[in-house]
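Have a look at the structure below, then the notes.
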Amino acid sequence: SAEKLAKTDWAAAAAAFDKLADYSDSADRASALRYNAAAQVALSGDWQSAAAMYEALGDYSDSADKALQVRYQAAAQMAARQEWDEAVALYAELGDYADSADRIPITRYAQAQSVEEAGEYLAAARLYKALGGYKDAAQKVTQMQDAYYAGPAEAMEKAAKAENWQDVLNTMSWL
């Protein structure tokens, strides 16, 4: 029976309730089972399928909000895994849901910090520059440029003191 299936297989149970058509509250029960199935899929980490399942439920309960919530949580997980571009794209898709718009510069700033920590100062400077007036991004651009050029400057100074002019020229050509 549909009741027994509901305890083990939500999709099969929902299909069984669908076959009952207009009988009693079978449509509501089928929707409830699909809602629960979407929640289980979300818990498994398959946010795309879960969001699609919630959306397919239309105006059932808070399905529309749950679809957005699942996407928002997925974007946060992507940012935590340093999947920067994917996280930003998903936050952008979410538009004005929760603080999604605010999360875009937060995520890009975290990306710039990660690149800076990896010692990729020129790339970090570009990322900070793209953030414009966000936080201390303008100051960070200058700091990254200084850090980027500090190494070659020290190498040239050391080579010049040793009168190793070839190393000075090699370093200058690198810049």
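Worth a mention:
- Whenever a residue of the range 71-90 is under 12 Å from residue 108 (Cβ atoms), its partners that are of a type in the set (A, V, I, L, M, F, W, C) and open to solvent by 40 Å² or more (accessible area, probe 1.4 Å), lying with C-beta atoms within less than 7 angstrom and at least six residues away or across chains, give the pairs 88/104.
- Subset tally (residues that are part of a helix (DSSP H, G or I) and either open to solvent by less than 90 Å² (accessible area, probe 1.4 Å) or under 18 Å from residue 152 (Cβ atoms) (or both)) for the range 116-129: 8
- In the range 151-175, residue modelled with the highest pLDDT [restricted to those that are aliphatic (A, V, I, L, M) and open to solvent by less than 40 Å² (accessible area, probe 1.4 Å)]: 160
- Being of a type in the set (Lys, Arg) and within 12 Å of the chain's Cα centre (by Cα) is a property that does not hold for residue 126.
- All conditions in (1) surrounded by fewer than 19 Cβ atoms within 10 Å (Cβ to Cβ); (2) at pLDDT below 90 hold for residue 34, with the sole exception of (1).
- Within the range 139-150, considering residues that are open to solvent by 50 Å² or more (accessible area, probe 1.4 Å) and not polar (S, T, N, Q), the one modelled with the highest pLDDT: 146
- Taking the range 53-68 as the range and being assigned to a helix (DSSP H, G or I) and without any contact (Cβ under 8 Å) to a residue 12 or more places away in the chain as the test, the residues that pass are 64, 65.
- Of all residues in the range 56-84 being within 17 Å of residue 96 (Cα to Cα) and among the polar types (S, T, N, Q), the one that is surrounded by the fewest Cβ atoms within 10 Å (Cβ to Cβ): 73
The values are calculated or read from the model by the stated rules, or taken from the named source; none is laboratory data. Since we're looking at a predicted model, the values are computed, not measured. Using ideal geometry, Cβ is built from the backbone for each residue, glycine included, and neighbour counts are taken over all protein chains shown. Quick note on the areas: whole protein, heavy atoms, side chains included, nothing else; ligands and nucleic acids left out. Shrake-Rupley method; radii C 1.70, N 1.55, O 1.52, S 1.80 Å.
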